[in-house]
Amino acid sequence: MTRSRPPAPVDLNDAGVFGDGIPHDAFAVMRAADGLSWTEADDRVGAGFWSVTRHRDVLTVSRDPDTYSSAVGHIQIYDIDPDALDARASMIDLDPPVHTRLRRLVSAAFTPRRVQGYRAGIRRRVRRALDELERNGSGDWVSTVAAPIPIGVICDLMGVPEDDHGYLIELSDHLVAGTANEPLEPTAYGNTTDLRLLPFNSPAAHAMASYALDLADRRRLEPTDDLVSALTAAEIDGERLTDDEVANFFRLMIFAGNETTRSAMAHLPLQLQQFPEVLAALMTDRSLLGAAAEEVVRYSSPILYFRRTLTRSATLSGTELEPGDKVVMWYASANFDPAALDEPLAFRLDRSAPAGSGAGHVGFGGGGVHHCLGASLARLELVELLDEVLTRGTRFGEVGRPRYVESNFVNGIERLDVAVGR
Amino acid sequence: MSGADGPELVAVEVDSDVCIGVGQCELLEPAVFRVDDDDGMGVVIGSGQLAAERAAAVIEACPSGAIRIRAGDT
């Protein structure tokens, strides 16, 4: 059978396509196409790839790691060599059962019950950030509020001292910038590792690994109750984690805990400006805060996509897939699929299906073994931020035009000027 | 297991090969599930029995699909 290959209507490898946020029109064309849309091979990303844009297909791919592997190819669109795959691998790049064993080393720290214990610390960070913004009356919402809160929270969990938070924000920023078109010098941060072996091809990944191993050395001598101490003490089948495993774990947690929640928070003033009725509804009924947090995540879709690679033949929405094929799950499309969500372009507080379920959003992933580890933590951070805004009666005045991160992978905002008052 | 004056009860279990310790089960049904603080995995507390409707909800809410109705108990 000949494979039908409807071409993607835009160049999905061009970060500029995402320069004004999610390209909803292009995704609507792909959701309506016959089967999966195709992007041709090119020298930026290697082999061509299929785009998975429908909500139901994202669920199918997410929940079948035996067919749609995270380990046999890269989880970003661009291909990397097998030795680079090995060197970079953290649990997000692995399949069961190895993934499962690694994830359980840290999963207990992120359950809905356990994250409640972080509430007071989160609220303290929220208050500090809003205080600073209000003192000035206006400023960059991203650097003042959206960036420091999540990095502070994840660094506290990992055991990174407060004085180093700024350094880790800087490194995390460079990782994302590495996916765009402005790489650091290859030798930045004293890097001597071949860039293709580093996550995001970035010297900042080397710096983060060095930082992690230094912190791990200190925790081996004097363990505390933080996650780096737990990682240094953890055993899998009687074996301690290697230095590379500890470093890759640390990098993943810092990046995933920082970048994603920051992106969600960064979009909040834009969403509240576009949907002014939301704050009023929350003011009347704070039990809707959880529903609001879910909509913030869905509407911002902080991670635009993850890729999987076929281990065997499969058929998806009528498209016949072959072993080795690359499929890219566009969460930013599935989260606005009218086949799964009523009025997807509306911000609604009455969507009740749990995230990742058959009818819920896929902002934390489409279910399956890679479902967002930090989902409960991200929800709590967003609820605390919204709750504090309501409690203070913070009013948003003029909201500037967002400057988006140049990336087709994260829906980040670099800068968003806002005016606030009460 | 259905009683004349109560909801139909079923017993649930957690597939330890699949569970990734997300903890949605514990959030929804704290009397039935708990994520173990040491090994990060969901376990069933006690008999694992709950109303069929609530079992269906918690099975649906588990992102990894690790919860199922125990065979022979329904």
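Here A:R103, A:R113, A:R125, A:R88 are screened, and the one residue that is at pLDDT 95 or above, within 26 Å of A:L157 (Cβ to Cβ) and not hydroxyl-bearing (S, T, Y) is A:R125.
For the range A:196-210, the criterion of being at positive phi, part of a helix (DSSP H, G or I), buried (at least 20 other Cβ atoms within 10 Å of the Cβ) and not charged (D, E, K, R) is satisfied by at least one residue. Output the residue which, of all residues in the range A:101-114 that are buried (at least 20 other Cβ atoms within 10 Å of the Cβ) and closer than 16 Å to A:E239 by Cα, is farthest from the other protein chains (Cβ to nearest Cβ). Among those residues, the one meeting the criterion is A:L102. Does A:S376 count as under 20 Å from A:I254 (Cβ atoms), of a type in the set (G, A, S) and surrounded by fewer than 24 Cβ atoms within 10 Å (Cβ to Cβ)? Taking the combined requirement at face value, the residue satisfies it. In summary, A:P148 fulfils each of the numbered conditions (1) within 14 Å of chain B (Cβ to nearest Cβ); (2) of a type outside the set (D, E, K, R); (3) more than 26 Å from A:L241 (Cα to Cα); (4) within 18 Å of the chain's Cα centre (by Cα) with the single exception of condition (1). When A:S357, A:S407 are checked against the criterion of being part of a loop (DSSP other than H, G, I, E, B), at pLDDT below 95, within 24 Å of A:V61 (Cβ to Cβ) and away from every other protein chain (no Cβ under 14 Å), a single residue qualifies: A:S407.
Taking the numbered list (1) away from every other protein chain (no Cβ under 11 Å); (2) out of contact with any strand residue (DSSP E or B) (no Cβ under 8 Å at 6 or more places or on another chain); (3) among the charged types (D, E, K, R); (4) closer than 14 Å to A:P112 by Cα in turn, B:D37 passes all entries but (1).
Taking the residues in the range A:325-373 that are of a type in the set (A, V, I, L, M, F, W, C) and surrounded by fewer than 20 Cβ atoms within 10 Å (Cβ to Cβ) as candidates, determine which candidate is farthest from the chain's Cα centre (by Cα).
A:A339
For the range B:10-18, the criterion of a residue being more than 8 Å from chain A (Cβ to nearest Cβ), more than 10 Å from the chain's Cα centre (by Cα) and within 30 Å of A:D226 (Cβ to Cβ) is satisfied by at least one position.
Evaluation of A:G117 against the conditions (1) within 14 Å of chain B (Cβ to nearest Cβ); (2) surrounded by 18 or more Cβ atoms within 10 Å (Cβ to Cβ) shows that the sole unmet condition is (2). In the range B:17-64, what residues are in a loop (DSSP other than H, G, I, E, B), within 24 Å of A:T60 (Cβ to Cβ) and of a type in the set (S, T, N, Q)? Within the range B:17-64, just B:S64 meets the criteria.
When the range A:43-100 is filtered for residues that are within 13 Å of another protein chain (Cβ to nearest Cβ) and surrounded by fewer than 17 Cβ atoms within 10 Å (Cβ to Cβ), the ones remaining, listed by number, are A:D64, A:D66, A:P97, A:V98.
Only one of A:A216, A:A266, A:A230 is small (G, A, S), in contact with a Gly (Cβ under 8 Å, 6 or more places away or on another chain) and not in a strand (DSSP E or B); which?
Matching residue, one of A:A216, A:A266, A:A230: A:A266.
Go through the residues of the range A:411-419 one by one and say whether even a single one is over 15 Å from the mean Cα position of the chain (by Cα), within 12 Å of chain B (Cβ to nearest Cβ) and not in a helix (DSSP H, G or I). There is no residue in the range A:411-419 that is over 15 Å from the mean Cα position of the chain (by Cα), within 12 Å of chain B (Cβ to nearest Cβ) and not in a helix (DSSP H, G or I). Scanning the range B:59-67 turns up no residue that is within 15 Å of A:P112 (Cα to Cα), at the interface with another protein chain (Cβ under 10 Å from one of its Cβ atoms), of a type outside the set (A, V, I, L, M, F, W, C) and under 10 Å from the mean Cα position of the chain (by Cα). Quick one: how many residues across the range A:369-394 are facing chain B (nearest Cβ under 10 Å), in contact with a strand residue (DSSP E or B) (Cβ under 7 Å, 6 or more places away or on another chain) and of a type in the set (S, T, Y)? Residues that pass the stated criteria total 0.
Annotation: A:G366 fulfils all but one of (1) away from chain B (no Cβ under 14 Å); (2) in contact with a Ser or Thr (Cβ under 7 Å, 6 or more places away or on another chain); the unmet one is (1). Any idea which residue in the range B:31-50 is modelled with the lowest pLDDT, counting only those that are more than 17 Å from A:S107 (Cα to Cα) and loosely packed, with under 15 Cβ neighbours inside 10 Å? Applying the filter and picking the extreme gives B:G46.
Just one of the numbered conditions (1) crowded, with 22+ Cβ neighbours inside 10 Å; (2) of a type in the set (D, E); (3) more than 11 Å from every other protein chain (Cβ to nearest Cβ) is not true of B:E53: (1).
The values are calculated or read from the model by the stated rules, or taken from the named source; none is laboratory data. If you're wondering where the values come from, they're calculated on a predicted model, not measured in any experiment. As a convention, Cβ positions derive from the backbone with ideal geometry for all residues, glycine included, and neighbour counts pool all protein chains shown.
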